[in-house]
Amino acid sequence: MRRVGPNAWAEIYFWGCNPGFVVTEDGVVMIDTPQQPMDAVRWRERLQEHGPIRHLINTEPHADHILGNAYYPGVEVVAQHEIRGRYEQAIPSMTSEERREAMKESDPDSVWLLGHPSYPPNPPTRTFEDELTLQVGRHTFHLVNLPGHTRQQTAVHVPEERVVYTGDNVFCRCKTFVQEADPWDWLDSLERIGRLDVDVIVPGHGEPCDHSYLSEQAGILRRWIDAVERLVDRGLTEDEAVKEPLDVASIDPYPLAQRLFEVWKHLDGVNVRNLYRRISARRQAAG
């Protein structure tokens, strides 16, 4: 666990995303959850040593950020309003037989917690569209929808701690996922993050960083756009573009992080497919 502010922490070693929390005079505010059930339960116990958990903020709808919600029963979940629908759509897969069988191999200690009656689904119940401010004790939590990695992507800025939790709009020195991203919105959001008066940026994956990494993150996105634009310019179909060999290391030189390698063996292909569709749609709209 990393201390990222006087009263703020992030955990960068769990399977999945980097969850974080802030300790206030009135309890704990969580940002995202551990993905694996046993990690989530143990982390809850650790956080409760600092006080009651008042809020759980989800920064995006992807599984590695929301699967742990169930293991915080009674905690209010706060999120951008579209995340609630995505969570509800994902409920059947959260306790599916497919996930159970996969977990027997990857995390057998957690299997018994899947679908446990003490831990029913816990979707967001407090939602917002563009921005929301929470005041907890003497701490302020500015939640801002910054589309990019997903349309629902949310940054959590805690000015008293001089920290922002960006979710997956920042992948610090690990492979960037653009499988459903709008890369142009993402670039705009990185500029907005860069204008925040903070000392520490907690990324969705990878080590905590500062403003200096944002230009590198933007460069990875621009190189992905350029690479797929060249495939479109050659007149390749979407399927042909996905199969076309790419020097991905020259686009994004970093490895997959946090044991995501088994889940995303075909990451480069889904990145290309998403960008191909978005580039084509953008050109069509421009006439």
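The set of residues in region 199-220 that are among the aliphatic types (A, V, I, L, M) and either in contact with a Leu (Cβ under 6 Å, 6 or more places away or on another chain) or surrounded by fewer than 21 Cβ atoms within 10 Å (Cβ to Cβ) (or both) comprises Val200, Leu214, Ala218, Ile220. Would you mind stating whether Gly74 is free of Cβ contacts under 8 Å to residues at least 12 places away in the same chain, surrounded by fewer than 21 Cβ atoms within 10 Å (Cβ to Cβ) and either touching a Phe, Trp or Tyr at 6+ places or on another chain (Cβ under 7 Å) or within 27 Å of Leu146 (Cβ to Cβ) (or both)? So Gly74 does not fit the description; no.
Just one residue in the set Asp268, Asp239, Asp233 is closer than 23 Å to Asp64 by Cβ and not basic (Lys, Arg); that residue is Asp268. Every test in (1) in contact with a helix residue (DSSP H, G or I) (Cβ under 6 Å, 6 or more places away or on another chain); (2) touching a residue at least 40 places away in the same chain (Cβ under 8 Å); (3) surrounded by fewer than 17 Cβ atoms within 10 Å (Cβ to Cβ); (4) not charged (D, E, K, R) is passed by Tyr254 save one, and that test is (1).
Can you tell me which residue among Arg100, Arg2, Arg54, Arg42 is out of contact with any Pro (no Cβ under 7 Å at 6 or more places or on another chain), basic (Lys, Arg) and closer than 22 Å to Ala155 by Cα?
Values: Arg100 fails: closer than 22 Å to Ala155 by Cα; Arg2 fails: out of contact with any Pro (no Cβ under 7 Å at 6 or more places or on another chain); Arg42 fails: closer than 22 Å to Ala155 by Cα.
It is Arg54.
Applying the criterion of being surrounded by fewer than 10 Cβ atoms within 10 Å (Cβ to Cβ) and of a type outside the set (D, E, K, R) to the residues of region 93-121, the residue that is nearest to Asn69 (Cα to Cα) is Ser118. Residue check: is Pro203 in contact with a Cys (Cβ under 8 Å, 6 or more places away or on another chain), in the same structural domain as Val28 (by TED's automatic domain parsing) and closer than 21 Å to Val270 by Cβ? Considered against the rule, which asks whether it is in contact with a Cys (Cβ under 8 Å, 6 or more places away or on another chain), in the same structural domain as Val28 (by TED's automatic domain parsing) and closer than 21 Å to Val270 by Cβ, Pro203 comes out as yes.
On the given criteria, is Val23 under 27 Å from Pro92 (Cα atoms) and in a strand (DSSP E or B)?
No; evaluated as a whole, the condition is false for this residue.
Listed by position, the strands (runs of 3 or more DSSP E) contained in region 134-198 that have at least 1 residues being under 12 Å from the mean Cα position of the chain (by Cα) and crowded, with 24+ Cβ neighbours inside 10 Å are 154-158, 163-172. Note on region 42-59: residues that are of a type outside the set (Phe, Trp, Tyr) and closer than 16 Å to Met1 by Cα amount to 8.
Those residues that are under 17 Å from the mean Cα position of the chain (by Cα) and acidic (Asp, Glu), I need them from region 40-88; list them, please. Result: Glu60, Asp64, Glu82. Being assigned to a loop (DSSP other than H, G, I, E, B), surrounded by fewer than 18 Cβ atoms within 10 Å (Cβ to Cβ) and more than 18 Å from the chain's Cα centre (by Cα) is true of Leu236.
Among residues of region 2-20 being of a type outside the set (A, V, I, L, M) and part of a strand (DSSP E or B), the one that is surrounded by the most Cβ atoms within 10 Å (Cβ to Cβ) is Gly20.
The values are calculated or read from the model by the stated rules, or taken from the named source; none is laboratory data. Quantities reported herein were computed from a predicted structural model and do not represent experimental measurements. Because the Cβ atoms are built from the backbone with ideal geometry, glycine has one as well, and the counts that use them run over all protein chains shown.
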